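Structure first, then comments.
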Amino acid sequence: MKVLFIGNSYTFYNDVPAQLSGLARSDEGAGPIQTEYVAFGGADLEAHYRGGAAERVAEPQWTHVVLQEKSTGTLHASRAYRRYVVKLGRRAHGKVLLYETWARQLGHEVYRWPWSGRRPSGMLRRIRRELAWAARTLGAEIVPVGQAWERCLERYPKMVLHDTDMHHASPLGSHLAACVFFAWLTGQDPEPLSFGADGVNDEDARRLRSVARDVVRQARDA
């Protein structure tokens, strides 16, 4: 597989694409996954479209193109999101994957605004609604990273997935995202893999990977 990520810091924090490649290398049954990304801080899909990403996604080598909207873009700028996710998605060579981002930590200032959903569950529900529209329109797939974060925090409430700013990913949160992508793309169980992610101990890795496996299986069966 050759996977291009279009996104921002939710993609490049702790290098989610490189972790995806590393997970694949540690699983003999998965086959290699080559990754590249085009990402810069605060970018939404409109900025990427205007900055040349339409040409990158159309390159013929990609088997998959991942589109990651700014974490609040689907909430307060849904009209722009719909326009540019379609523009990029229709240009993409290979299968389009929509990166479902996670809700911000409870207590973050974003929840002062009604468009946020007021709480993590509401934020994720609104993000998912916009991605579902895009998936139907493009024939794309939603990679349920946000759902995996929600499930992980329910199962392991003391696990710290957010960074200190309450919205970016900690090393644990990024590793969970990479494991969800691995399970989604390969159909393989990431739990027994030997890949070591920086800042993630073996026990936490096992827990994160079991959550990724369970959420992906549930989503595939839905």
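Any read-out appearing in this document is the output of simple, stated calculations on the displayed coordinates, not a laboratory observation. If you're wondering where the values come from, they're calculated on a predicted model, not measured in any experiment. When we count neighbours, we look across all protein chains shown, and the Cβ atoms used for this are built from the backbone with ideal geometry, even at glycine.
For this structure, a couple of remarks:
- Each Lys and Arg contributes +1 and each Asp and Glu -1, all at the Cβ; summed about the Cα centre of the chain, the dipole is approximately 1080 debye.
- Among beta bridges that DSSP assigns inside the chain, antiparallel share in %, nearest 5: 5
- Length gained on full extension, residue 164 to residue 18, computed as 0.36 nm times the residue gap minus the Cα-Cα distance: 50.3 nm.
- Counting beta carbons within 10 Å around each of 159, 123 and listing the fewest first gives the order 159, 123.
- Cβ-based exposure ranking for 67, 193, in which fewest neighbours within 10 Å come first: 193, 67
- The per residue volume of the convex hull around the alpha-carbon atoms of the stretch 2-221 is 106 Å³.
- Normalising by residue count, the stretch 154-217 has a Cα convex hull of 86 Å³ per residue.
- For the chain, modelled as a GNM whose springs connect Cα atoms under 10 angstrom apart, the maximal fluctuation among 130, 55, 191 occurs at 55.
- You can think of it this way: the chain between residue 137 and residue 121 has 3.3 nm of extra reach, that is 0.36 nm per residue less the Cα-Cα gap.
- Amide H contacts of residue 95 (H built 1.01 Å from N, in plane; Pro and chain starts excluded): 64, 65 sit under 5 Å, all sequence-distant by 5 or more or on other chains.
- Highest-fluctuation residue, 120, 60, 32 considered, GNM on the chain with Cα pairs under 10 Å: 60
- Remark: 71, 78 ranked as 78, 71, counting other beta-carbon atoms within 10 Å and listing the fewest first.
- Stretching residue 156 away from residue 76 to a fully extended chain increases their span by 25.8 nm, per 0.36 nm per residue minus the current alpha-carbon distance.
- Under Karplus coefficients 6.51, -1.76 and 1.60, residue-wise ³J(HN,Hα) of the stretch 166-171 in Hz, glycine/proline x: 6, 9, 6, 8, 6, x
- Cα centroid separation - the stretch 165-183 against the stretch 1-72, whole Å: 14
- Here r is the Cβ-Cβ distance between residue 26 and residue 91 and R0 is 25 Å; the resulting FRET efficiency, rounded to 0.05, is 0.15.
- Ratio of the Cα radius of gyration of the stretch 70-178 to 2.2 N^0.38 Å, where N counts its residues: 1.08
- Taking the charge dipole of the stretch 91-222 about its Cα centre, with +1 at Lys and Arg Cβ atoms and -1 at Asp and Glu Cβ atoms, the residue from 222, 210, 160 reaching farthest to the positive side is 222.
- Listed residues 27, 165, 189, most fluctuating in the chain (Gaussian network, C-alpha, under 10 Å): 165
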